[in-house]
Structures are given as C-alpha cells and as structure tokens.
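These notes concern the structure reproduced below.
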Amino acid sequence: MYELVKNERVKNFAWGKLYKSSILQGIPFKKGVLFEDVFWAHQVMDRVKKFVLINQPLYFYLQRSDSIVASYTPRNLDILKGLKERHNFIEERYQDLVNESYKVIFRTSLIHYNLLIMNWRKDKRGTYRKEIRDYIRKNSTKFKKAVDHDKFLKTQLTMFLVHPLLNIVFSAVKKVLRQLEIISEPSGLQTVPITQKEF
C-alpha cells in the first residue's frame, strides 16, 4: 500500500500489472468517472500479500489523441475525487500512510489548479479553482504536517496559502532550475521512443 500511495514505483494505473483473478473478485471499476483505476487500485492492493516489480519495459503504451489525458476538461478532476476517496480508506486502515496520502492529494491539487489556469476557458467563473483553493485552505493544518519534511512541497503550500499565483511562479522557477540541471527531475514514467519495427 505504501508503494501505491507514494505513486513512484507502483502507479495507480490498472495497466502494466498482472493480477491473480482471485484478488480482483468483487472489486468492480467505478462507473461514470475518469481515472477509475484511482478509485479501484487501493482496494486491490489491500488484498495483495506479495508483489514483484520487474524493471524491464515489457509493455508499449500508445497515447491516443482522443484519450482522457490528451486534452484537459473539468472531468479530469475526477482524479482528485478518487484520491480523496482513497484517503478515507487509508485513514481507516493505514494510519501510518495518512501524511503520504495528503502529500499526493496536495501535489495533484496543485497540478490541476495550474491546468485550470492554463485552460481558463473551461473554468471561466473559477468554480473549480475555488473548490481546490477552499479544500487546501480547509485542510491546511493537515497538509502542513504532511509536507513538513519536504522542502519543495512546504514552500509550494506556503506560497499557495499566501496567494495561489505565487505557486505558479515557484513552479516556473523550478522548471527553469531543472532545465539548467541545478535540481534533478522527479522520478516517474519515462517516454521511450520505439521504432515502427518494434511496434
């Protein structure tokens, strides 16, 4: 569960994994939401007793132009609903992971706040941004505790609480520092070019 919540080596995606069918019994995907695997994966991982990570590219993931991540809409905010639902599950069963869960929710909230600004036509009244802002402010004490040992997230939270646009400036500076290789890139999925022959 720690690896799933941390979301670095074990991602929430249903793809890229093989499961024993017995583990999946009685855990359907949630209907009518995007990122349904975020609502689902923690329930599956709760049943897993043993897992193996293979650090080999055995799966070619094709990014379709009409996929849910190809263009941004407010429906993409379903991921935050899924993370909050998962957080309730974590609070009930994995108290030692609560702060890690809050960090993921905060980080994802910032990403979507920024995406809503970049796609302002899809949130002209600022309703979705306000929802994110209010959630972060309402839970600021819990977020402060969660990010206390993470310098970047702590700075982002402080700036966001002063004014959300300060966080965007901070993110832009961070991006420039990464391009100058002053700070390292975050770990995560990598794009691997494939030839037509391989595909």
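Can E91 be described as more than 13 Å from the chain's Cα centre (by Cα) and outside any loop (DSSP other than H, G, I, E, B)? Can you show your working first?
Details: more than 13 Å from the chain's Cα centre (by Cα): yes; outside any loop (DSSP other than H, G, I, E, B): yes.
Spelling it out, E91 is indeed more than 13 Å from the chain's Cα centre (by Cα) and outside any loop (DSSP other than H, G, I, E, B).
Report every pair of residues separated by at least 6 positions or lying on different chains whose Cβ atoms are under 7 Å apart, first residue within the range 87-100 and closer than 12 Å to K6 by Cα, second of a type in the set (F, W, Y) and at pLDDT below 95.
Final answer for the pair search is L97/Y2.
Do you know which residues across the range 70-83 are farther than 15 Å from M1 by Cα and surrounded by 18 or more Cβ atoms within 10 Å (Cβ to Cβ)? Please lay out each step first, then the result.
Within the range 70-83, the subset farther than 15 Å from M1 by Cα is 70-82.
Matches in the range 70-83: N76, L77, D78, I79, L80, G82.
For the range 34-88, give me each residue that is in a helix (DSSP H, G or I) and of a type in the set (S, T, N, Q). Quick ask: steps written out before the conclusion?
Step one: of the range 34-88, the residues in a helix (DSSP H, G or I) are 36-45, 74-88.
Those that are in a helix (DSSP H, G or I) and of a type in the set (S, T, N, Q): Q43, N76, N88.
Taking the range 98-147 as the region of interest, how many residues are of a type in the set (S, T, Y), over 23 Å from R75 (Cβ atoms) and within 18 Å of the chain's Cα centre (by Cα)? Don't jump to the end; show me each part of the working.
Within the range 98-147, the subset of a type in the set (S, T, Y) is 101-102, 108-109, 113, 127-128, 135, 140-141.
Right, trim to over 23 Å from R75 (Cβ atoms) and you get 102, 140-141.
Restricting the remaining residues to those that are within 18 Å of the chain's Cα centre (by Cα) gives 102.
Of the residues in that region, 1 qualify.
If the requirement is being among the charged types (D, E, K, R), surrounded by 11 or more Cβ atoms within 10 Å (Cβ to Cβ), closer than 21 Å to T158 by Cα and free of Cβ contacts under 8 Å to residues at least 12 places away in the same chain, which of these qualifies: K138, K144, K103, K130? Steps first, please.
Details: K138 fails: surrounded by 11 or more Cβ atoms within 10 Å (Cβ to Cβ); K144 fails: free of Cβ contacts under 8 Å to residues at least 12 places away in the same chain; K103 fails: free of Cβ contacts under 8 Å to residues at least 12 places away in the same chain.
It is K130.
Anything in the range 29-61 that is free of Cβ contacts under 8 Å to residues at least 60 places away in the same chain and loosely packed, with under 10 Cβ neighbours inside 10 Å? List them, or say none.
Initial filter on the range 29-61 (free of Cβ contacts under 8 Å to residues at least 60 places away in the same chain): 29-56, 58-59, 61.
Scanning the range 29-61 gives K31, G32, K49, K50, V52, L53, I54, N55, Q56, L58, Y59.
Of everything in the range 1-28, what is among the small types (G, A, S) and either surrounded by 15 or more Cβ atoms within 10 Å (Cβ to Cβ) or under 23 Å from D96 (Cβ atoms) (or both)? Give them in sequence order.
Narrowing the range 1-28 to residues among the small types (G, A, S): 14, 16, 21-22, 26.
Answer for the range 1-28, where residues must be among the small types (G, A, S) and either surrounded by 15 or more Cβ atoms within 10 Å (Cβ to Cβ) or under 23 Å from D96 (Cβ atoms) (or both): just A14.
Within the range 99-111, does at least one residue satisfy the condition of being among the aromatic types (F, W, Y) and farther than 19 Å from K145 by Cα? Don't jump to the end; show me each part of the working.
If we filter the range 99-111 for residues that are among the aromatic types (F, W, Y), which is where we start, we get 102, 106.
Now drop any that are not farther than 19 Å from K145 by Cα, which leaves none.
Taking every residue of the range 99-111 in turn, none turns out to be among the aromatic types (F, W, Y) and farther than 19 Å from K145 by Cα.
The values are calculated or read from the model by the stated rules, or taken from the named source; none is laboratory data. Just so it is clear, the structure is predicted and the values come from calculations on it, not from any experiment. Heads up, the Cβs are rebuilt from the backbone with ideal geometry, glycines too, and the neighbour counts pull from every protein chain shown.
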